[in-house]
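Chemist: Okay, here's the structure, questions in a sec.
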Amino acid sequence: MENRIINVGIIGGSLNNQWASQTHIPALKNNPYYKITAIGTSNIDTAKESAKILNAPHSFTDFKELAQTKDVDLVVVSIKVPHHYDAVIAVLEENKHIYCEWPLAINTKQAEKMAQLANERNIYHAIGLQGRQSPEVNYLKQAIR
């Protein structure tokens, strides 16, 4: 069986973003089954610069445009929680798979709506608990040991 490369777009993928640049981007770059193809940020200059450094052919300031890109199979949502709902819904409406940082939403109603839409469309979806990778949390864990 031939392995297929999964093309990834990252909403909040600026190399200036601590979470994306220290967690998601290194993991994706070091896995041969993933290719970062699109970077979305709120500033087109940082989007273009980050995309250039990562050899990603697309850069966006609009997460809907990123989600509509044919060169994206999976979207990582790495932005502030109040913006998760709109970004995730835009991605789900394009039938793209999604990895969203925790917490998923600002309330249960939003989270249930996103989960329902993903399930109805048979979209793979996951919520990441990246806080466990925080340098501060790891320092405290090590100090306690």
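The values are calculated or read from the model by the stated rules, or taken from the named source; none is laboratory data. Bear in mind the structure is a predicted one, so any value in this text is a computation, not a measurement. We place every Cβ from the backbone using ideal geometry, glycine too, and count neighbours over all the protein chains shown. Heavy atoms of the whole protein, side chains included, go into the accessibility calculation; ligands, DNA and RNA do not. Shrake-Rupley method; radii C 1.70, N 1.55, O 1.52, S 1.80 Å.
Chemist: Mind putting together the pair-distance distribution for the chain? All Cα pairs, 10 Å bins, whole percent per bin, short to long.
Modeler: 12, 42, 33, 11, 2
Chemist: Anyone know which of 41, 108, 61 comes out most mobile in the 10 Å Cα GNM of the chain?
Modeler: For the chain, modelled as a Gaussian network with Cα springs under 10 Å, the answer is 108.
Chemist: Let me check I've understood the local charge: for residue 70, count other residues with C-beta under 13 angstrom from its C-beta, Lys and Arg +1, Asp and Glu -1. What total comes out?
Modeler: Residues near residue 70 contribute -3 overall.
Chemist: Pop out the carbon and sulfur fraction of the accessible area of the chain as a percent, whole number, probe 1.4 Å.
Modeler: Its accessible area is 51 percent carbon and sulfur atoms.
Chemist: Through the Karplus equation 6.51 cos²θ - 1.76 cosθ + 1.60, θ set to phi - 60°, convert the phi angles of region 32-42 into ³J(HN,Hα) values in whole Hz; use x for Gly and Pro.
Modeler: x, 8, 10, 9, 6, 10, 8, 10, x, 9, 7
Chemist: From a point 7 Å beyond the Cα of residue 113 in the direction of its Cβ, which residues of region 55-78 have a backbone N at a distance under 17 Å?
Modeler: 64
Chemist: Let me ask another. Assign one of three labels to region 1-74, namely rounded, prolate or oblate, based on the Cα gyration tensor with a ≥ b ≥ c the square roots of its eigenvalues; rounded applies when a/c is under 1.5, prolate when it is not and a/b is larger than b/c, and oblate otherwise.
Modeler: Because a/c hits 1.5 or more and a/b fails to exceed b/c, region 1-74 counts as oblate.
Chemist: For the charge dipole of the chain, defined by +1 on Lys and Arg C-beta atoms and -1 on Asp and Glu C-beta atoms about the Cα centroid, which residue among 61, 19, 42 has the Cα displaced farthest towards the positive pole?
Modeler: Most positive-ward Cα: 19.
Chemist: In region 1-98, which trypsin sites (Lys or Arg not before Pro) fall in coil by DSSP and have 11 or fewer other Cβ atoms within 10 Å?
Modeler: In loop regions of region 1-98 (DSSP not H, G, I, E or B), the sparsely surrounded trypsin sites (Lys or Arg not before Pro) are 4, 70, 80.
Chemist: Further question on the same structure: Over the chain, with the other protein chains present, what is the accessible area per residue in square angstrom, probe 1.4 angstrom?
Modeler: That works out to 62 Å² per residue.
Chemist: Okay, moving on. Sort region 73-122 into rounded, prolate or oblate with this rule: let a ≥ b ≥ c be the square roots of the eigenvalues of the Cα gyration tensor; rounded if a/c is under 1.5, and if a/c is not under 1.5, prolate when a/b is larger than b/c, oblate otherwise.
Modeler: Taking the square roots of the gyration eigenvalues as a ≥ b ≥ c, region 73-122 is oblate.
Chemist: Figure the gain on full extension for residue 126 and residue 64 (residue separation times 0.36 nm, minus the Cα-Cα span) and round it to one decimal in nm.
Modeler: Contour length minus Cα-Cα distance gives 20.4 nm.
Chemist: Then there's this: Would you please give the residues with an amide H less than 5 Å from that of residue 34, counting only those at least 5 places away or on a separate chain, with H modeled from the backbone geometry?
Modeler: 6
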